[in-house]
1. Let me know the shape class of the stretch 45-117, please: from the alpha-carbon gyration tensor, a ≥ b ≥ c as square roots of the eigenvalues, rounded when a/c is under 1.5, otherwise prolate if a/b is greater than b/c, or oblate.
2. Could you put Leu103, Leu7, Leu51 in order, starting from the residue whose Cβ has the fewest other Cβ atoms within 10 Å?
3. I'd like to know which of Thr76, Tyr64, Tyr98 lies farthest towards the positive end of the charge dipole of the stretch 30-107, counting +1 on Cβ of Lys and Arg and -1 on Cβ of Asp and Glu.
4. Rounded to the nearest 20 Debye, what is the dipole magnitude of the stretch 30-107 about its Cα centre when Lys and Arg each give +1 and Asp and Glu each give -1 at the C-beta?
5. For the stretch 91-108 and the stretch 4-28, what is the separation of their Cα centres, given in Å?
6. Quick query: amide H of Thr44 versus all other amide H atoms, modeled in the peptide plane; which residues come in under 5 Å with a sequence gap of 5 or more or a different chain?
7. Determine the relative contact order of the chain: mean sequence separation of Cα pairs under 8 Å and six or more apart, normalised by residue count, in whole percent.
8. Can you give the calculated 222 nm mean residue ellipticity of the chain, where each DSSP H run of n ≥ 4 adds -39,500 (n - 2.57) and the sum is split over every residue, rounded to the nearest 500 deg cm²/dmol?
Amino acid sequence: MPVSKGLSFAGFPVVGLQLTHDATSFAPDSAATATEMAAGHKTTSGTVNYLPDGETPLKTIAGYAGQAGMKIGVATSVSLDHAEPAAQYARASHSSDYYDIALQGLANGLHYPELRPDGRPRTLP
């Protein structure tokens, strides 16, 4: 019978905790949860990288990386203007502001990947 050595991450030197509710709901949407992961603050559902007041912008880890001269890229299986990837590089008072989110990606130096979502190389038509 195999002997359990425990879970590998149990020995990590740093431990974190994330609660999955947003600022006003116990059932948040993807915009609120992605904002919490990217910026470290709770917000309201439907909001990307703003505090619950809807006016105070949040800075993401990608924002700090870009400021440090690092390239910023997002690997995703959904469009880059969707709430989860957008939370890495954009701000939106409504997560459905796809056009504005996409423009922010261009303005913020987001480097678009050379792979398709299925991992195969992109080909020209």
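1. On the way: a/c = 2.12, a/b = 1.27, b/c = 1.67.
Since a/c reaches 1.5 but b/c is at least a/b, the shape of the stretch 45-117 is classed as oblate.
2. Numbers: Leu103 13, Leu7 8, Leu51 17.
Neighbour counts put them in this order, fewest first: Leu7, Leu103, Leu51.
3. About the Cα centre, the residue reaching furthest to the positive side is Tyr64.
4. Dipole size: approximately 260 debye.
5. Centre-to-centre distance over Cα atoms comes out at 29 Å.
6. Those qualifying (amide H under 5 Å, at least 5 residues apart or on another chain) are Ala23.
7. Numbers: 192 pairs, mean separation 24.1, N = 125.
This gives 19 percent for the chain.
8. Numbers: 4 runs with 31 residues, N = 125.
Result for the chain, helices only: -6500 deg cm²/dmol.
Each reported figure results from applying straightforward, stated rules to the coordinates on display, with no laboratory input. Everything numeric in this text was worked out from a predicted model, so none of it was measured. Reconstructed Cβ throughout: ideal geometry from the backbone, glycine too, with neighbour counts over all protein chains shown.
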